[in-house]
Amino acid sequence: MSRMQKRSFGLGVVAISTALIGSPILDKDPLVWISIPQDAQIKSPVSLKTALTTHGLSLAQVPTSQILPLSHWMHETYHRCGGFFYESSLEEAREAIEHPVAKTSLSYAPQANVAISPLLAQVKEESIRTTIETLAQFQNRLYSSPHGVESQKWVMQKWQEIAAGRNDITVELVSHTGYIQPSVMLTIRGLGNPNDIVVLGGHGDSILSTSRDPEIRAPGADDNASGIATITEALKILVGNTIRFQKTIKLFSYAAEEVGLRGSQDIAKSFRKNNLNVKGVMQLDMTNYAGSPFDIVFMTDYVDTNLTTYLQALLKTHAPEIKWTTDTCGYACSDHASWTRYGYPSSMPFEARMNEDNPRIHTTRDTLDMSKGRAEHAVSFAKLALAYLMDLGGGEISLDQ
Ligand code: BES
Ligand code: ZN
């Protein structure tokens, strides 16, 4: 971020007006608000209508059709410093940036939970692989395509199937305004402190950087069928062992991450509005490509430091063989940033160091081939997710079904 900070005007509000480049704006192509680092806004090759710049971020309008070219350009140009938030209005965006929600600061300490280790041993590569394969077989999982709706319904059904027979578990679709893809939310009601919530999520959508045709092929095996498959495996093991929790657990397959973290922003915002008590968020976005000599890379920006340190301590206790390191995304690269924005402690364990991640994401070739047809790398993430849910959520084996 240092490069960006140097180029920005620092604090305060600077009004900038940028001429609209490109095609005239038609009604069919409505303008949407985004926030984008100021240096990117200045250099952007796509039409941006900037209203104001504050805290190094520009609030600008972009035609809907230009979102994908913008995202593509950001990836090509700034490997560490791109990304943008979709904003529902100028006022709300300005408020979020200039008056960030007070951050909840919690301290975490691993409990001596003996039920954890036997669960980690049950994680199966094959079962993660099968879910990745099924999700990657949808033509695409685009936020604006019927395939993106179908794929989320499949996730809902899969989670319902796993949770069948448990009256403390509900699975529902969460609809959003402005696009057809829903998010999926699974809730395991807590027995002791049901108002305390522990979140594990990933995005269910996929994207192709070069086209927004609803029929385009966008398998997204690593980005992010891998994250959803990892979460699904953790759920399967929890239910298979009749685990019940003290806190309430929520699992998400978010909609529309690829177009500005839209689904997760909606959700985190409504949690804040209802003052829900979220004790931790883990984001799993890309878990199955072994690009670095590490099993897990913890991102350290747009996350909560205490929570991240706690996850590392959990690994030390329950899975000391897992090799991890840290790195930064350099921008709000995934849904953990939505939770951070609304003041919740979040974390982002990632598959590789930045720039050593899967080079085929957002292409038609983001398939399992890049992981030698296997889901071995994702296994460590399923173990971490299980340790996190069990320890923070207070999971225990329950005798009654
Ligand atoms: N999975 C990626 C994020 C990612 C890619 C993290 C490579 C680390 C390395 C995510 O789905 C994505 O593409 N995010 C967008 C940002 C979003 C705000 C539109 C991106 O990185 O451009
Ligand atoms: Zn992703």
Being touching a helix residue (DSSP H, G or I) at 6+ places or on another chain (Cβ under 7 Å), farther than 14 Å from Met282 by Cα and either assigned to a helix (DSSP H, G or I) or hydroxyl-bearing (Ser, Thr, Tyr) (or both) is the filter here; which residues of region 208-231 pass it? Ser209, Thr210, Ala221, Asp222, Ala225, Ser226, Ala229
Can you give me the number of residues within region 64-90 that are touching a residue at least 40 places away in the same chain (Cβ under 8 Å), more than 9 Å from ligand 1 (Cβ to nearest atom) and closer than 17 Å to Ser211 by Cα? 3
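Each row is one residue, and each column tells you yes or no for (1) crowded, with 17+ Cβ neighbours inside 10 Å; (2) within 16 Å of ligand 2 (Cβ to nearest atom); (3) among the hydrophobic types (A, V, I, L, M, F, W, C).
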| position | (1), (2), (3) |
| --- | --- |
| Lys124 | no, no, no |
| Ile128 | yes, no, yes |
| Leu135 | yes, yes, yes |
| Phe138 | yes, yes, yes |
| Ala164 | no, no, yes |
| Ile169 | yes, no, yes |
Per the filter on region 44-98, residues aromatic (Phe, Trp, Tyr) and either touching an Asp or Glu at 6+ places or on another chain (Cβ under 9 Å) or closer than 17 Å to Ser144 by Cα (or both) are Tyr78, Tyr86
If you go through region 46-61 one residue at a time, do you hit one that is under 20 Å from Arg212 (Cα atoms), aliphatic (A, V, I, L, M), modelled with pLDDT of 85 or more and not in a loop (DSSP other than H, G, I, E, B)? no
With respect to Thr308, determine if the residue is at pLDDT 95 or above, hydroxyl-bearing (Ser, Thr, Tyr), surrounded by fewer than 24 Cβ atoms within 10 Å (Cβ to Cβ) and more than 14 Å from ligand 1 (Cβ to nearest atom). yes
Could you check region 368-396 and list, in sequence order, the residues that are under 19 Å from the mean Cα position of the chain (by Cα) and within 16 Å of ligand 1 (Cβ to nearest atom)? His377, Ala378, Phe381
Take region 343-352 and flag every residue that is part of a loop (DSSP other than H, G, I, E, B) and more than 17 Å from Ser226 (Cα to Cα). Gly343, Tyr344, Pro345
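Residue-by-condition table, conditions (1) closer than 20 Å to Ile228 by Cα; (2) in a helix (DSSP H, G or I):
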{"site": "Gln312", "(1), (2)": "no, yes"}
{"site": "Thr325", "(1), (2)": "no, no"}
{"site": "Tyr331", "(1), (2)": "no, no"}
{"site": "Asn355", "(1), (2)": "no, no"}
{"site": "Gly373", "(1), (2)": "yes, no"}
{"site": "Ala382", "(1), (2)": "yes, yes"}
{"site": "Met390", "(1), (2)": "yes, yes"}
Given (1) surrounded by 24 or more Cβ atoms within 10 Å (Cβ to Cβ); (2) within 16 Å of ligand 1 (Cβ to nearest atom); (3) among the small types (Gly, Ala, Ser), index of the condition Ser211 fails: (1)
Scan region 175-190 and tell me whether some residue there is in contact (Cβ under 8 Å) with a residue 60 or more places away in the chain, surrounded by 15 or more Cβ atoms within 10 Å (Cβ to Cβ) and among the charged types (D, E, K, R). no
Got a number for residues in region 255-270 being more than 10 Å from ligand 1 (Cβ to nearest atom) and either modelled with pLDDT under 95 or surrounded by fewer than 24 Cβ atoms within 10 Å (Cβ to Cβ) (or both)? 3
Within the set of pairs 6 or more residues apart or between chains, which connect a residue that is closer than 12 Å to Thr131 by Cβ inside region 149-163 to a residue that is charged (D, E, K, R) with Cβ atoms less than 9 Å apart? Ser151/Arg141; Ser151/Asp205; Ile162/Lys236
Quick check on my filter: what residues within region 302-351 are among the charged types (D, E, K, R), away from ligand 2 (no atom under 16 Å from the Cβ) and under 14 Å from the mean Cα position of the chain (by Cα)? Arg341
Could you go through region 243-263 and let me know if any residue there is touching a residue at least 24 places away in the same chain (Cβ under 8 Å), part of a helix (DSSP H, G or I), within 16 Å of ligand 2 (Cβ to nearest atom) and on the phi < 0 side of the Ramachandran plot. yes
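The values are calculated or read from the model by the stated rules, or taken from the named source; none is laboratory data. Being a predicted model, the structure only gives us computed values, none of them experimental. Note that each Cβ is placed from the backbone with ideal geometry, even for glycine, and that neighbours are counted across all protein chains shown.
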